[in-house]
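Enquirer: First the structure, which I've put down as structure tokens, then a few questions once you've had a look.
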Amino acid sequence: MTGAKKKQGDKLSEADAIERAKLGDPEAFEILYHLHKRRVYSLCLRMTANAAEAEDLTQEAFMQLFRKVASFRGESAFSTWLHRMAVNVVLMQLRKKGLQVVPLDENAETDEDTPKKDFGTQDIVLEGSIDRLRLQTAIGKLPPGYRTIFVLHDVEGYEHNEIAEMVGCSIGNSKSQLHKARMKLRELLRTSRAEKAIKP
Amino acid sequence: MTCIEFQDILPDVLEGEADAAHAAHLMSCPSCSELVSDLRAIASGAKLLCGDDEPSPRVWANIQRTLEAEGIIRPATQPGAMLFPQQRKWFSPAWLTAAAAIALIAVGAFFYSNRGPTSIHPQLSNNTQAAPLSPGATDDDDLALLGQMSPAERAFYADDLQTVNNFIRDAETTVAQNPEDDDARHFLMDAYQQRAMVYSLAMDRSVQ
């Protein structure tokens, strides 16, 4: 089967599964879960940096979706609808834990580590390619506010206006936090490379 | 343009809003050039992380259990699960048909018993109370109890009792297979009550 045909087949499967899920078909719910579980779980994992918590949030996101599936009218793509729901579930959880999702003032000093500016020094170069495992580890070390914006923008592909609406901040704040997150990741990755270079 | 000035507008540069002055600084400053290269690599690398991981099987198991508990789907072993699982179970076609049949039997027995005086068997006429009910009574027991009636009446009530007994047996089987099924238990109790009503009507008829 060609990629295009397989993709078409998948779309038909999802559409059928949605209609059957509206009727309460157990198999349909399972199909929808397996189609989208990776993306939802990855989102939750990146944003929480905790596997157990990510699984709980994945479960909650799918349960919210399945309770409302009968009201899905198809105005947006099903995956978009599910994804937004998952993001909201994670953000609510972060807020419940008392974590500041994003600073309200983009210029405010926060308790999070502020990345150092780079002035005219040549440090370890990342050589244009990033080791995925090290990047995942570094994302997990980001402060929650930076991590939220970075995951939503660079990993999940949301635009700043969408992020601003979801987390309740300004577009400027979203851009500022993203830049700080990337700078912090660069710092973490350089430190990691330096440590690796030093070890015998 | 200094490095400080350049890095102040670096977010805009990364968003593709660089002008000639920015480009010139990048060409002339290896440090800022490396910085931009690293940040772009981080953004590109992040895209590859999307949908990378898989949750453990317990997540689906929990979801499935919750869907069943909330009645959004039927448990996998319950017959008719594919048909109307999101509706309340007692509205499934099988149950509705059985409930309608039992109601018709009861109504039919009522009207039959009220259609006028018929022959009264002396033994049954002495019974002023309905025969004791035994949910576990077999068809043979029922026929024996009604053995004293006229042939026409016996035939009528025997058919009704046999139908009700069949429903009771089906409901008992379902309850045995699904002990947690409250609807099946309620239906079984209703079936017992319907048989009691048919009995009662038969007995009432016999003493008129």
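The values are calculated or read from the model by the stated rules, or taken from the named source; none is laboratory data. None of these values were measured; they are calculated from a predicted model. Cβ atoms come from the backbone with ideal geometry, glycine included; neighbour counts cover every protein chain shown.
Enquirer: Assess whether A:T110 counts as being at pLDDT below 55 and more than 10 Å from chain B (Cβ to nearest Cβ).
Expert: In short, yes.
Enquirer: Has the stretch A:113-121 got at least one residue that is away from every other protein chain (no Cβ under 14 Å) and at pLDDT below 55?
Expert: Yes: one or more hits.
Enquirer: Now for a different question. What is the one condition in (1) crowded, with 21+ Cβ neighbours inside 10 Å; (2) over 30 Å from A:F150 (Cβ atoms); (3) in contact with a Leu (Cβ under 8 Å, 6 or more places away or on another chain) that A:I18 does not satisfy?
Expert: (1)
Enquirer: I'm trying to understand the selection: among the residues of the stretch B:50-70, which are out of contact with any Leu (no Cβ under 7 Å at 6 or more places or on another chain) and modelled with pLDDT under 90?
Expert: Hits for the stretch B:50-70 are B:C50, B:G51, B:D52.
Enquirer: Condition check: modelled with pLDDT of 95 or more, outside the structural domain of A:L185 (by TED's automatic domain parsing), β-branched (V, I, T) and within 18 Å of the chain's Cα centre (by Cα). Does A:T58 satisfy that?
Expert: yes
Enquirer: To continue, here is another question. So, in the stretch B:28-70, exactly how many residues are at the interface with chain A (Cβ under 7 Å from one of its Cβ atoms), of a type outside the set (S, T, N, Q) and either surrounded by 16 or more Cβ atoms within 10 Å (Cβ to Cβ) or touching a Ser or Thr at 6+ places or on another chain (Cβ under 6 Å) (or both)?
Expert: So the count comes out to 19.
Enquirer: Does at least one position in the stretch B:47-58 carry a residue that is out of contact with any Gly (no Cβ under 8 Å at 6 or more places or on another chain), hydrophobic (A, V, I, L, M, F, W, C) and within 30 Å of A:T58 (Cβ to Cβ)?
Expert: Taking every residue of the stretch B:47-58 in turn, at least one turns out to be out of contact with any Gly (no Cβ under 8 Å at 6 or more places or on another chain), hydrophobic (A, V, I, L, M, F, W, C) and within 30 Å of A:T58 (Cβ to Cβ).
Enquirer: Additional query: Quickly run through the stretch A:144-195 and pick out the residues that are free of Cβ contacts under 8 Å to residues at least 60 places away in the same chain, more than 22 Å from A:N50 (Cα to Cα) and among the small types (G, A, S).
Expert: A:A164
Enquirer: Limited to the stretch A:139-177, what total is found for residues that are closer than 17 Å to B:C50 by Cα, facing chain B (nearest Cβ under 9 Å) and assigned to a helix (DSSP H, G or I)?
Expert: Of the residues in the stretch A:139-177, 6 are closer than 17 Å to B:C50 by Cα, facing chain B (nearest Cβ under 9 Å) and assigned to a helix (DSSP H, G or I).
Enquirer: With within 20 Å of A:D25 (Cα to Cα), free of Cβ contacts under 8 Å to residues at least 12 places away in the same chain, surrounded by fewer than 17 Cβ atoms within 10 Å (Cβ to Cβ) and out of contact with any helix residue (DSSP H, G or I) (no Cβ under 7 Å at 6 or more places or on another chain) as the only criterion, which of A:R67, A:R95 stands out?
Expert: Answer to the selection: A:R67.
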